[in-house]
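Accompanying notes for the structure given below.
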Amino acid sequence: HERVFITPPWEEIYQQDNERRETLEKLIRIHEILCHTYEDYGYRVIEIPKSTLSERTDWLLEQI
């Protein structure tokens with residue numbers, strides 16, 4: 001597979017909790033590192049659009 005689908009950081013819905021301990025700033029940096037790493041290994045990174053769950057699901061199903 002040559003494509004990787006990834007969800008971008010989404011400030012409007014981001015919340016820290018016991019499982020998600022990173023600050024938004026750290027999350028953005030982790031996202032950047034993940035995207036660069038995938039690209040370094042030859043993958044094409046595709047960000048899933050920020051929209052409703054239904055719209056994202058439909059979009060993703062159209063892509064695969």
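Every number in this text was worked out from the coordinates using simple rules, so none of it is lab data. Values in this document were obtained by computation on a predicted structure and should not be read as measured data. Cβ: placed from backbone, ideal geometry, glycine included. Neighbour counts: every protein chain shown.
Under the rule of -39500 (n - 2.57) per DSSP H run of 4 or more residues, summed and divided by the residues of the chain, what mean residue ellipticity at 222 nm is obtained, to the nearest 500 deg cm²/dmol?
Helices in the chain give a 222 nm mean residue ellipticity of -14000 deg cm²/dmol.
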* Just going by the charge dipole of the chain, with Lys and Arg at +1 and Asp and Glu at -1 on Cβ, which of Ile33, Gln63, Pro8 is farthest out on the positive end? -> Ile33
